[in-house]
Amino acid sequence: DGTVAGGRAARSAPGGGHGMHKILTVCGNGVGTSLFLKNTLERVLDRWGWSRYVTVEATDTISAKGKASEAVAILTSREIAATLGDVGVPVKVVQDFTSTSEVDSTLRDTYDV
């Protein structure tokens, strides 16, 4: 039905004249696993041809709460997702931050494609 976690409607695919989309990748300090996830997500975006429409920013938990309103989604671990709670945008849990197939599936769910 086009919804994502929390019952929010999925975002439409970027490039429709709505400006640049931002996705946050989040870990505890913003310098470790969030960078692995950022790299994996950017590889998937490159493969889709969406790199010019979506920016990815690796950040820490506290900063993510402040930056959430700038993002279309947050990708993170289950533990960090629980810490973040409801930040007003979909928070997607990724188990394996280096798995392009899992990140691809998460991105498809996020954008309902």
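Tabulated data
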item: Label-point separation, ASP112 to ARG52 (7 Å along Cα→Cβ), nm; result: 2.6
item: Calculated from backbone phi, Karplus (6.51, -1.76, 1.60) coupling profile of region 76-83 in Hz, x at Gly/Pro; result: 6, 7, 4, 5, 5, 4, 5, 5
item: Under-5 Å amide H pairs with HIS21, H placed in peptide plane, nonlocal only; result: VAL54, THR55
item: Distant-in-sequence amide H partners of LEU75 (H built 1.01 Å from N, under 5 Å); result: LEU24, THR25, VAL26, LYS92
item: Pairwise centroid distance, computed over Cα atoms, of region 30-58 with region 78-97, Å; result: 16
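All of the numbers you see were taken from the coordinates with simple rules; none came from a lab. Everything quoted here is computed from the prediction, not taken from an experiment. Note that we place each Cβ from the backbone using ideal geometry, even for glycine, and neighbour counts take in every protein chain shown.
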